Amino acid sequence: MPENSMEKPNIVTCTAPVNIAVIKYWGKRNEELILPINSSLSVTLHQDQLKTTTSVATSRSFQEDRIWLNGKEEDISHPRLQSCLREIRRLARKRRNNVDPGLDSTGLSHKVHICSVNNFPTAAGLASSAAGFACLVYTLARVFGVEGELSVIARQGSGSACRSMYGGFVQWIMGQQSGGKDSLAQQVEPETHWPELRILVLVASAERKHVGSTSGMQTSVQTSCLLKHRAESVVPGRMEEMNEAVRRRDFTAFAELTMKDSNQFHATCLDTYPPIFYLNSVSHQVIHLVHRYNQHYGETRVAYTFDAGPNAVIFTLQQHVPEFFQAVQHFFPPESNGGQFVKGLPVKHATLSEELKQAIGLEPMPKGIRYVISTKAGPGPCVVEDDTQHLLGSDGLPKNKV
């Protein structure tokens, strides 16, 4: 079709957040529907620091569905992408038939162009697929006028994506039904609930991991006895305790549960056969730093958690951020040739006492941590109202191609 006869596409752009699980999801009971073997609970990180932005365009002139991720065209036939697209289109048709047969139905048959970018490294243990699929589903739902329980659809793209459909503190209830209708996300508390809580992401590596989450989980489910014990006997109690700790804003309980659950998740990775190693020497050093820091003060001021990668996510309260950040900078001296070591929310300067340095007593690991992202809990997906922010142009193609 000649360029000038193309109608302008309908474009919607949205953003969605990353979430960090404090009670971990690891292992599926149904691969296709992405139904987990246990419930999980996460904190949604603020989109000012970490987000996925997605534009979806529809037009009768598009010949086929297409997708670009971080500037590069990818294969739209990926089964998980297809199940999200199929489900949104099915619900849009159902809504048209049930609610309002007079609704404009022409758009339902139009092909879509999808363009998505992350403002953080993809696949480096920073829950990029969670933000990506949450953003895709939320944006498609806006384009096709679909309302209702979107977390069930996001779950079919990437399990943890269902938790990125809400802000604040979110639980993914594993559900019991074989069809997965009751396996969905619920907000426990909004992002405004615990304003003093702060999060530092210590980026040890931006490389892709050796064993992706999907294949890692499959092997763990098949081979780890510890994983079965964890799902059946440990997580149900921890979910109750964590819900309670969040509601009460009890940092000590929240922090200790977070660290224990992270450690148990990585223990199940070691119990997998062959074993999976997501943590590296930098990760281990961060764990020592946190425990020694807390020991020095005789209270739990800081907590760590690690997903399927070496990057540490640190939880603490606002008043402890400056000193703990200084400790990170001291024991992981950054490259001296500039580059911003801390990104995101500003961190005030603090001085480390000699007493604290000696109590921690670790050998510094120069350049172990590349940079730190300073952030807090944030809201769920949002629509971008400013048309100039669309990632797709009026021709339905990405404005910035690699």
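The values are calculated or read from the model by the stated rules, or taken from the named source; none is laboratory data. Keep in mind that what you see is a predicted model, and the values were worked out from it rather than measured. Positions of Cβ are generated from backbone atoms using ideal geometry, with glycine treated the same way; all protein chains shown enter the neighbour counts. These area figures cover heavy atoms from the full protein model, side chains too; ligands, DNA and RNA do not enter into them. Shrake-Rupley method; radii C 1.70, N 1.55, O 1.52, S 1.80 Å.
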Original post:
Does K348 satisfy the criteria of being of a type outside the set (G, A, S) and open to solvent by 70 Å² or more (accessible area, probe 1.4 Å)?
Top reply: yes
**OP:** Could you look through segment 222-251, keep only residues that are under 24 Å from the mean Cα position of the chain (by Cα) and among the β-branched types (V, I, T), and pick out the one that is surrounded by the most Cβ atoms within 10 Å (Cβ to Cβ)?
**Re:** V235
**OP:** Check V12, V22 and return the single one that is open to solvent by less than 70 Å² (accessible area, probe 1.4 Å) and more than 30 Å from V372 (Cα to Cα).
**Re:** V12
Subject >> Of all residues in segment 257-315 being in a helix (DSSP H, G or I) and among the β-branched types (V, I, T), the one that is nearest to the chain's Cα centre (by Cα) >> reply: T258
**OP:** Look through G344, G368, G309 and report the one residue that is in contact (Cβ under 8 Å) with a residue 40 or more places away in the chain and touching a strand residue (DSSP E or B) at 6+ places or on another chain (Cβ under 7 Å).
**Re:** G344
**OP:** Search segment 143-159 for residues that are under 15 Å from S40 (Cβ atoms) and pair each with any residue that is open to solvent by less than 20 Å² (accessible area, probe 1.4 Å) and of a type in the set (D, E) when their beta-carbon atoms are under 7 Å apart and the residues are at least 6 apart or on different chains.
**Re:** none
Original post:
Has segment 285-293 got at least one residue that is crowded, with 20+ Cβ neighbours inside 10 Å and without any contact (Cβ under 8 Å) to a residue 60 or more places away in the chain?
Top reply: yes
Original post:
On the given criteria, is N38 farther than 30 Å from V372 by Cβ, surrounded by fewer than 14 Cβ atoms within 10 Å (Cβ to Cβ) and not basic (K, R)?
Top reply: no
Subject >> Residues (among the polar types (S, T, N, Q), open to solvent by 10 Å² or more (accessible area, probe 1.4 Å) and within 12 Å of the chain's Cα centre (by Cα)) located in segment 159-175 >> reply: S160
Original post:
Is it true that some residue in segment 363-375 is open to solvent by 50 Å² or more (accessible area, probe 1.4 Å), farther than 30 Å from F332 by Cα and assigned to a loop (DSSP other than H, G, I, E, B)?
Top reply: no
Subject >> Qualifying residue in segment 201-221 (condition: among the aliphatic types (A, V, I, L, M), within 16 Å of the chain's Cα centre (by Cα), open to solvent by less than 10 Å² (accessible area, probe 1.4 Å) and not assigned by TED's automatic domain parsing to the domain that holds F341) >> reply: no
**OP:** Answer yes or no: is there a residue in segment 148-163 that is among the β-branched types (V, I, T) and assigned to a loop (DSSP other than H, G, I, E, B).
**Re:** no
**OP:** Evaluate segment 13-24: report whether one residue or more is of a type in the set (G, A, S) and at pLDDT 95 or above.
**Re:** yes
**OP:** Could you tell me whether S178 is open to solvent by 30 Å² or more (accessible area, probe 1.4 Å) and more than 24 Å from E323 (Cα to Cα)?
**Re:** yes
Subject >> Count - residues of segment 50-75 that are of a type outside the set (K, R) and open to solvent by 30 Å² or more (accessible area, probe 1.4 Å) >> reply: 7
Subject >> Any pair with Cβ under 8 angstrom, 6 or more apart, that starts in segment 74-89 at a residue that is assigned by TED's automatic domain parsing to the domain that holds A154 and ends at one that is open to solvent by 60 Å² or more (accessible area, probe 1.4 Å) and among the charged types (D, E, K, R) >> reply: I76/E64; I76/R66
Original post:
So T316 clears everything in (1) in contact with a helix residue (DSSP H, G or I) (Cβ under 8 Å, 6 or more places away or on another chain); (2) free of Cβ contacts under 8 Å to residues at least 40 places away in the same chain except one condition, right? Which one?
Top reply: (2)
